Amino acid sequence: AVTQSFARKMQIAPAIREDAVAQMTRHERLAAALLLADLLRAEETISDVRARWLPFCDNLTTGDIQRLQTSAASTAGMASVLCEQCNWISLAELLSTMSLELQAGARRELLPLMSIDGMTGARARTLYDAGFTTPRRIVELGADKMDRLNAAVLKSLAKSSKSSVGFDQAARSAAWRIAQHIFSNARRLVATDAQGDKENVLESIEKSNIVAA
C-alpha cells in the first residue's frame, strides 16, 4: 500500500532496505502520476512545477520532468495502438487523447490552441478563458481587431510573472508582439488545414469517379 508515513520516512532517511524496494516503487509511481497531473492541471511552465515539487524532491530537475512527460506520452501512445488493434476503441481514444495531453502539457480542451507554434499551456488557458478556443476563432478576429487577443496575452504575461507586469510598457510591447505572432501562426495553421481538407475532398471525388467508371 501507499502510505504517507513511508513517504515521509524516505524523505528523512532515503536509504532503502531490500524488503522495501517494492513499496518504494509504488510510491515513486504515485509521485510520478501526481506530478504529471499537476503539470496538466496547472498548465504552467515545467520550471514552475519543479519549484512546487522541490520541497519533496530536492534533486528534481526540469530534465527529469521532461523525460517523465515524454516517456508517459510515448507509453500512452503505444498502449492506444495496442487497444486499437484489440478493437478496444473507447480505451484507445482515451489513451490517444491522454498521450496528446502529455505531449502538449495541457488539458484536452486546449489541444487545438496548443497546435499553434509557440503556444504554452498557461497562455493557451488564458486565451481559452477569453473565448479564443481554437485557431480559427483567433483568425476570425481579423488583423484590425487585435485588442482582445492582445489583452488576453497581456493577462497571461501578468499571471506568469505574478506581478503587475500588465501595467509595464515593456510588457505591453511584448504582449503585442506575441499576439501578432500567435495570430500569424494561427492563420497559417488554418490555411494549411483548409488546404488539407480541400485535397481530401478532391481525392474522395477522384476515387468516386474511378469506382463509377
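The values are calculated or read from the model by the stated rules, or taken from the named source; none is laboratory data. Model, not experiment: these values are computed from the prediction. FYI the Cβ positions are ideal-geometry reconstructions off the backbone, even for glycines, and counts take in every protein chain you see. Note: areas computed on protein heavy atoms with side chains; ligands, DNA, RNA excluded. Shrake-Rupley method; radii C 1.70, N 1.55, O 1.52, S 1.80 Å.
For the range 21-26, the Karplus equation 6.51 cos²θ - 1.76 cosθ + 1.60, evaluated at θ = phi - 60°, returns couplings of 4, 4, 5, 5, 4, 4 Hz by residue, with Gly and Pro reported as x.
To put it simply, the accessible area of the range 77-127 at a 1.4 Å probe is 58 percent carbon and sulfur. Across the protein chains, with a 1.4 Å probe defining accessible surface, the residues Trp88, Trp53 rank Trp88, Trp53 from largest area downward.
With protein chains left intact and a 1.4 Å probe, residues in the range 64-194 average 57 Å² of accessible area per residue. Taking a Cβ cut-off of under 14 Å around Val2, the surrounding Lys, Arg, Asp and Glu residues balance to a net charge of +3, with basic ones at +1 and acidic ones at -1. Neighbours of Met98 by Cβ distance under 11 Å: Lys/Arg scored +1, Asp/Glu scored -1, total 0. In terms of its C-alpha gyration tensor, the range 87-177 has a prolate overall shape, because the principal axis ratio a/c (a ≥ b ≥ c, square roots of the eigenvalues) is not below 1.5 and a/b outweighs b/c.
Largest accessible area first, the residues His27, His181 order themselves as His181, His27 under a 1.4 Å probe with ligands, DNA and RNA left out.
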